[in-house]
Each structure stands twice: as C-alpha cells, then as structure tokens.
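This report refers to the structure that appears directly beneath it.
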Amino acid sequence: MTTSSTPGLARFNTLAAAEAAAALHEVCASAAWCGSVLAHRPYDGTEALLLAGDAAMAELSAQDLAEAMAGHPPIGRPEPGDPASAREQRGMAGASEELRAEMLELNLAYQERFGHVFLICATGATGEQMRDAVKARIGNSPEQESEIVRIELGKINRIRLTRLVQDS
C-alpha cells in the first residue's frame, strides 16, 4: 500500500462529515467503526486510513460486530442494488444449481448455529472455496467464530476502504 496521498483520499479527507460518514457506512455498517475512522481524518496516506480501520475493527464490541455483520447479505445472495457485495461474491455467480442449493443449506445451518450470516472475505474466492470454508468453520465454538468473523470483516473493510480512495 502506498503512504502517499491520492486524489481519492484527498477527496475523502475533505468531504463534509455527513458525506464521509455515509461513504464509510458503505464500507462497514457498524456506527462505532465509522465514527472511529471518521474521527481520525484527515489521513496522510492510504496506509494510515487502513490502519485506522484495523484499529477501529479491533475495538468493536460484540454488539458493534453484530451491527457490522448485519450489513452483509448471505453468500450467494447479494442484495439487489449492492454492487460491492455482488462484486465480492463474484465466485458464486457461475456456481451450479447444486452448489447454490448446498450454500443455501449451509448458510441456514451456520446462521442457526451462530445467529448471524456466514461471513468471509469472498473477493477472489470460488464458490467451492466459500462452501469449503463454511463447512470448516461451522464446527467452531462461538468464541472462535467471533474472532474469525472480526478478521474477515477487517479484510473486507480494507478492500472497500482501498476502493473508496482509489483514483477514479
């Protein structure tokens, strides 16, 4: 990652607070995360912004983490009009009907076990890799899974933050 300021970052740094908050909410649905990242503007480089996002993620309470997860649709079923999730879940786009049905079943079992959607940084992952991940993680304890979810959300946030400040 670059430490120099980009035009996209300069634009983000100078947005009105409400506009910057709305942009951050598209990155992560946690109000606490957004508030923390917003509070540290201006950023002198993309890496500083990413590190602030990481620090904010590490500080989220269980309730804040649940709020962040609520902003993510199940794997294989991105919300209409949500280009970020559709782009990130592209690996499911060409999945067979059998794989889609299996993912639906696994998503439901995971959600029943943990009380939230299965969350994974799906960027670049195939449908089979996502299926294998949910199968591997469904046996985790709630505590283990909470920490994995925090890590996966952090990865997603980094990708989205980078996209937010990239040159258009």
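What the table below lists for this structure:
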| quantity | calculated |
| --- | --- |
| Accessible area (Å², 1.4 Å probe, nearest 10) - residue 104 | 70 Å² |
| Helix-only CD estimate at 222 nm, as mean residue ellipticity for the chain, using -39500 (n - 2.57) per DSSP H run (n ≥ 4) | -20000 deg cm²/dmol |
| Spin-label model distance (nm) - residue 22 vs residue 108, 7 Å beyond Cα toward Cβ | 3.8 nm |
| Positive minus negative residues near residue 32 (Lys, Arg vs Asp, Glu; Cβ under 10 Å) | -3 |
| The chain: DSSP helices with Cα axial extent of at least 24 Å and average Kyte-Doolittle hydropathy no lower than -1.0 | 97-114, 142-165 |
| Estimated Rh, the chain: Kirkwood, alpha-carbon pairs, angstrom | 16.6 Å |
| Linear extension gain, residue 15 paired with residue 151, 0.36 nm per residue minus alpha-carbon span | 46.1 nm |
| Accessible-area composition of the chain, carbon plus sulfur, in percent [1.4 Å probe] | 56 percent |
| Solvent exposure of the chain as accessible area per residue, Å², 1.4 Å probe | 51 Å² |
| Peptides ranked, highest mean first, by Cβ atoms within 10 Å: ranges 20-31, 106-117 | 20-31, 106-117 |
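The values are calculated or read from the model by the stated rules, or taken from the named source; none is laboratory data. Bear in mind the structure is a predicted one, so any value in this text is a computation, not a measurement. As a convention, Cβ positions derive from the backbone with ideal geometry for all residues, glycine included, and neighbour counts pool all protein chains shown. For accessibility, only protein heavy atoms count, side chains too; no ligands or nucleic acids. Shrake-Rupley method; radii C 1.70, N 1.55, O 1.52, S 1.80 Å.
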